[in-house]
């Protein structure tokens, strides 16, 4: 019976497990390559799912405050507007941390050439950009201490300041002065001539390049000779994410229509999680095929090495030594396949990120990351590859450990 000192040590198992890579290099490389292809497919497709989710959620939530802010307004058919009295009442609602009223009226902008166009004029408070997550693509947001305006790209096109294909020159318009008039209206949409508010020239502070946004100008009431007396909607920020539901129910009870961004985010997460799972299933299918190939390699390796197992046992190797040797080989093959798969997935994703971003920039858009791989998923994939290797080598290792030297020599 073999004694304890005959047991193979860990470094000996490791050295012997690498022998199969030297003896059968082609088979080992092909097996590892197949494993790497499966792992790479999983990583690549799941990274695509995470990247799509990040882009979509990033579009919906650009600031932390915007996630717990809701937009309230009266139903359109009621023709009701929000007055200062309602604003004072909203501030007293429990769990409401902050409110920011928004007034919307028609307006007219002109440049030095004197040609004017009609635009939507949005009169906002200092917290508007933070609470909505709106960020100008060129320039910056408005602040209470710096008079100016934020304008949409469509308003610049309508005023002939740029053409549809000249978006790269938007930055040259920052600081350009425009004159603005705001036409206050009552709840029925009738202009009130006495309430027309004219301003001097205002510099362009920021530009929003969203093509779906109509010709719009965003200003603060401080630049007007007379502020608005009514508002079309109010941004209401809850104290924290746990208070959003309670605040929303209270707003609905007051007769307001409520649009909460957190609802859109939750719905988007569900959709993108489903897409990520579907993409992951396709990748796992490729991984299963690779695992079957690896299992076949381990079976063939066992059948070819029955005589070797007999020699090992005849010179004192224990059943656990033989079992651990086969498991170590399978684990190493799975680990190398996992490392290769991670490299393939990351390199493929990054190359496509560069290509897609380059195309987007040349078309006048912004660079973005379509493939995003979280570190925890990389570690999970490496752990999974090791487990697949161990699972593939379990049956051959068990068979090899159960062979007696006599049986091994007989089957030669």
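Of interest is the spacing of the C-alpha centroids, which for segment 385-404 and segment 258-328 amounts to 13 Å.
By average Cβ neighbour count within 10 Å, what is the ranking of 383-396, 79-92, 284-297 from highest down?
Details: 383-396: 20.3, 79-92: 13.6, 284-297: 18.7.
Highest to lowest by the protection proxy: 383-396, 284-297, 79-92.
Across segment 69-239, Cα pairs under 8 Å and at least six residues apart give a relative contact order of 39 percent. Relative intensity of segment 69-239 on a log10 scale, I(q)/I(0) at q = 0.09, 0.11, 0.14 Å⁻¹, equals -0.31, -0.47, -0.75, per a Debye sum over C-alpha point scatterers of equal strength in the absence of solvent.
A short reminder: the numbers here are calculations on the coordinates, not readings from a lab. Quick caveat: nothing in here was measured; it's all calculated off a predicted structure. Backbone-built Cβ (ideal geometry, glycine too); neighbour counts: all protein chains shown.
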